[in-house]
Amino acid sequence: MSAATTSRTGTDGHPAGRGTVFSETMLGTLRLDDEHRVRRVRLDLTVSADRVMRLWGTTEARAEGRVRISGWSDDAGARGELEISPLARRRIRYRVEFTADGRRLTLDGWKSVSARRPVASMTVLPYTLHEDGTPIGTGTLRFPLGTQLLPFLASFRFPRSRRPGAFVRPRWRGEPGRTEVWYTTVTDPDTGSGLWLHHELTAPADGSQPYAHGWAAVFPEDGPVRHARFGPARWSRAESGFRAGEVTVRPGRLSGSADEGALHWDIAERPGGAPLFTFPRWCWRHPLLPAAHMLPAARSRYDGTFTHDGRTLTLSGAPGASARIYGHGNARRWAWLHADLGGGDVLEIVAAVSTRPGLRGLPPAVFLRLRRHGRDWPRRPERAAAGWAGAGRFRADTTLPTWTVTGRTALRRIRVEVTQPPDRTLALDYTDPDGGHATCRNSERADAHVLLERWWLGGWRTEAEWTLDGTAHAEVGTR
Amino acid sequence: MSHTGLVAALIADDGTTDWPRRVPDRLETVLSAMPAAARAGFLAAAGAVDAYALARTGRTLARLTALERQSVLAGLAARPALLPLLDLLKVPVLLSAGTERMLDGGPPAGTLTRADPPLDLTPASAWPSRSTADAVVIGSGAGGAVAARTLARAGLDVVVLEEGSHHSTESFGRRAPLDRFTELYRDGGATFTIGSPPLLLPVGRAVGGTTLVNSGTCYRTPDHVLSRWSKDFGWTPADDFGRHLNEAERTLRVATQPLDVLGANGRVALAGARALGWRAAPLRRNAPGCRGSCQCVVGCPTGAKQSVQLSVLPDACAAGARIVTEARVERILVDPDRPGGPRAAGVRVRRERDGGFDILAPLVVVAAGALQTPQLLRRSGLGGHPRLGHNLSVHPATSVAGRFAEPVTAWQGVLQSVGVEEHHDAGILIEATATPPGMGSFVLPGAGGELRRELEDAGRLATLGAMIADRPGGRVLGRHGTAVRYHLDRRDAGRLLRAVLAMGELLFAAGAEEVLTGIPRTPRVRSLTELRDVVAGTGARRLHLSAYHPTGTAAAGASPQRFPADPQGRLRGVHGVLIADASVLPSCPQVNPQLTVMAAAMAITENQTKAIMSR
């Protein structure tokens, strides 16, 4: 398939589309077949879909919420699904499972949308109640327009997708002079060893055949760094991720071998947390900058085995992260840090100097993302990289063995010190799509010290401080 | 509006007997069951006759004496152009008069042959607003019942939707034939086609469909018809049709009608055929233990006739199918945005109480009959195929009666008893058919005193009917109501006239004194030569024509341009819709089609269940 065709047909290049979330409350009645009385029913649902709801199409959505039936049930753990198709199928179907008196029940009904009675047909939900597939009662729920319309409309949100697997799909669409990277770094807490799996697609700028290659490296606590390259292999587009010979990256799975089997690995990945865009999100969606970096999940857990030279490292819930890079090539100089700060907090830094004329003379642009208590700081990545037209931007000093990043916003400031001891650092040669070379010095057993301060009552006070002893993942690249 | 004057004039009520006085009320009942167009036609004709009386005498019919009424009618009858107008009035009046005259001798008693097997019935008013099923079958006639049974036996959760009501055999025994007539037929039995000439086209509407009111005659599909369907139209199920016909015959317990209850009408036909050396025999019927009640067309009062609600639907219900009665399907629900193209999602059924109910099902089997199926598909947005509703064959039919010296009492015995197949190769099938008085397609000649005498002397009449294999000249129009246009082909008009001649020949050979031709201008002939002259001098459009067995309006075949359904009965252009009724037949079956429709439905649904199981 040609590049032009794929770019037209695929939206998978932008897998991180938005979803839809809204809340809905309906009130009504239920008459059980074996009863003569009518019970009052209240249904409170939070509905979420993986895509922006389309009025002209059909949207499948999940529903969670609470079902209350007078004198019988109050289940806050109700779950179900919705088929929202008001115009295409003229139907909005609800299937909600809940428990009443120990009995597992399913409410199945749909609004039949009619142009002749738009309001009534969009607000009245006749339903049948089933137990084990057998109907046991019928009823009608109504959306109370007078009291619930405004809350319903105000509840609509269109959050970005949180499916890490979607980011594993290749971005490359056949253009020459591109490089795309899937890399994973892991720390084994049991042995203190670090792992680095680097998978790279290079499409040379001269238009020659793209190739897939990469390397695996292990940073044992008690020995020298061991690494081996794999590939280059002919690039065959794998819809779900990366493939070079027997080395594959799929959503939730990393496997392969290198150095004729001396290193081989089979690791399952459990993503945790929302995606973390180190560069501004728009850079990833619209590749205008020379390259962009992001993490499908800010932190992940790894299970599996990594064998090198007869030694097997068994991972069980090992912390780490996978990241993605897509762009024209490596920076002129760069530094990178991934620090799992514990308790769900993560610090990700990329400081880079572009190779492009005019930009290469500038100091490093620092992209710093601190995810703490589920919130990202600075609020926008551009703030750290560019400041206010350069003023107040974050600064980096990328000399080894200890490199630093400092920066401040209005009420916070941060200082990061990363130390990459030479004996725990691996030096590798990178090749750009244009044939240029760079040297990277990488350590998955780096040390880091992070100091976060907040201005309060006339002075800087420590808000948080982290010291990572051999568990930080860092890299510095030079030419 | 009372029709006392009109009735008194037409049947010459001289006040000597009681029953004519009850006819106007009975007529009102009949008219109220008719569709608006037919009722308006009758009222206009009645008004015209009254206006004629007013112009001629200064008074309306109701204010005239018996003699004056007779004089007015004689004046009308003297104008041949007005005879069709009189016939339009006579049909419902004769229907009412025949019933009242019969009831005058006490209502006919029906004795149950056997109790009705149980059915799982729910009226639409009690059905939940939202439900789901594996398959919905629309219609419970010959096709729908078999489809429901096949699918239910394959383990699917099946719901059958029937527009009509359920009538038990016991309820038939309790009520007069005419009371049942207006309930069991669509439009009160007054469905007619628009065109040249107009045809009366009665179709049933009840649990059991038209099988409830047909004559029980069960012909296997002729081999030459099957061969044509397979070779010319690419309708592959015809290749293995024998197996399905055998199964249908077994289910309906089809057997040759024994002679003991055949009745004099049938014996006359046999005697005539024997004298002429023609091929004729008692018909094969689905009525073991038939007692010759002669009420097949208003529901068998003894339960002998194995209509599908007594033979097929009980098996379907035993396998789990449920029947919803009084449920008219408003539309088939279609999901237009399914991967692979539009797909049926279920049905919406009209209901007065709350606007209707929906049943979601991935498979919808349409078996609403050849007149309703195209309309339903159009209402559902599935009427895109240019040939949908076209290709309508209707078996145009006419009848003649023969007057014999001895009483025949045609309404005592089997309603449709003997088949004369001498001319079947020429597309003419003669069947000895008698009905309860007034319900047949034969219209007694004359008006006033003459008509009254015919009524009183009806016991000496034997009636024969002939249906012809027609070219598909009809088309179902519109989305609602029953709008059918039919143009009688020139070849078929010739066949109808030949059929009249053949029936006259048969009656004369059996010893008839005279033959009532059904042709208004020359209603009686006393010899075959005279009949030949009459037939030679008339056209088929002057005959009293009716039609039965509409087929072919959503025909299946290999050509996507020509046939709305593929050879497996799947409606083209949408997934999940099967056609399993008479409308799926590629052309006229040339015989009474119950077995053919059942076998076709069986073939289509069996193929579907195999496809489901192989997934």
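Derivation of every value follows stated rules applied to the coordinates shown; laboratory data play no part. The structure presented is a predicted model; accordingly, all values stated were derived computationally and were not measured. Because the Cβ atoms are built from the backbone with ideal geometry, glycine has one as well, and the counts that use them run over all protein chains shown.
Here are some notes:
- In summary, B:A469 fulfils each of the numbered conditions (1) of a type outside the set (S, T, N, Q); (2) under 23 Å from B:L86 (Cβ atoms); (3) touching a Ser or Thr at 6+ places or on another chain (Cβ under 9 Å) with the single exception of condition (2).
- Residue-level check: of (1) out of contact with any Leu (no Cβ under 8 Å at 6 or more places or on another chain); (2) among the aromatic types (F, W, Y); (3) closer than 20 Å to A:T467 by Cα; (4) surrounded by fewer than 19 Cβ atoms within 10 Å (Cβ to Cβ), A:W377 misses just (1).
- Taking the numbered list (1) touching a residue at least 24 places away in the same chain (Cβ under 8 Å); (2) part of a loop (DSSP other than H, G, I, E, B); (3) away from chain A (no Cβ under 14 Å) in turn, B:D260 passes all entries but (1).
- Within the range A:227-249, the set of residues being in contact with an Asp or Glu (Cβ under 9 Å, 6 or more places away or on another chain) and of a type in the set (K, R) comprises just one member, A:R229.
- Filter result for B:A469 (closer than 20 Å to B:G266 by Cβ and crowded, with 19+ Cβ neighbours inside 10 Å): no
- A count restricted to the range B:304-339 and to residues that are assigned to a loop (DSSP other than H, G, I, E, B) and more than 14 Å from chain A (Cβ to nearest Cβ) stands at 10.
- Selection count where residues are surrounded by fewer than 23 Cβ atoms within 10 Å (Cβ to Cβ) and touching a Lys or Arg at 6+ places or on another chain (Cβ under 6 Å), scope the range A:309-324: 1
- Every listed requirement among (1) surrounded by fewer than 24 Cβ atoms within 10 Å (Cβ to Cβ); (2) not in a helix (DSSP H, G or I) is met by B:F172 save one, (2).
- If only residues of the range A:67-94 that are without any contact (Cβ under 8 Å) to a residue 24 or more places away in the chain and within 24 Å of B:T132 (Cα to Cα) are counted, the one that is farthest from the other protein chains (Cβ to nearest Cβ) is A:R79.
- Taking the criterion of being under 22 Å from A:G317 (Cβ atoms), surrounded by 23 or more Cβ atoms within 10 Å (Cβ to Cβ) and touching an Asp or Glu at 6+ places or on another chain (Cβ under 8 Å), the residues of the range A:184-207 that qualify are A:T185, A:V186, A:T187, A:S193, A:G194, A:L195, A:W196.
- Restricting the range B:351-389 to residues that are within 14 Å of chain A (Cβ to nearest Cβ) and closer than 26 Å to B:I612 by Cβ, the residue that is surrounded by the fewest Cβ atoms within 10 Å (Cβ to Cβ): B:G381
- Candidate set from the range A:129-148 (those that are surrounded by fewer than 20 Cβ atoms within 10 Å (Cβ to Cβ) and β-branched (V, I, T)); member that is farthest from the other protein chains (Cβ to nearest Cβ): A:T147
- Just one of the listed residues (B:A51, B:A40, B:A45) is crowded, with 18+ Cβ neighbours inside 10 Å and either part of a helix (DSSP H, G or I) or at negative phi (or both), namely B:A45.
- Exclusive hit being touching a residue at least 12 places away in the same chain (Cβ under 8 Å), closer than 25 Å to A:A274 by Cβ and buried (at least 23 other Cβ atoms within 10 Å of the Cβ), set A:A339, A:A386: A:A339
- For the range B:279-319, the candidate set comprises residues that are more than 20 Å from B:R250 (Cβ to Cβ) and of a type in the set (S, T, N, Q); within that set, the residue that is surrounded by the fewest Cβ atoms within 10 Å (Cβ to Cβ) is B:T302.
- Residues that are in contact with a Lys or Arg (Cβ under 9 Å, 6 or more places away or on another chain), closer than 23 Å to A:G65 by Cβ, within 14 Å of chain B (Cβ to nearest Cβ) and without any contact (Cβ under 8 Å) to a residue 40 or more places away in the chain, drawn from the range A:95-121: A:T106, A:D108, A:G109, A:W110, A:K111, A:S112, A:V113, A:S121
- With respect to the conditions (1) within 30 Å of A:G207 (Cβ to Cβ); (2) assigned to a strand (DSSP E or B), A:P433 lacks only one, and its number is (2).
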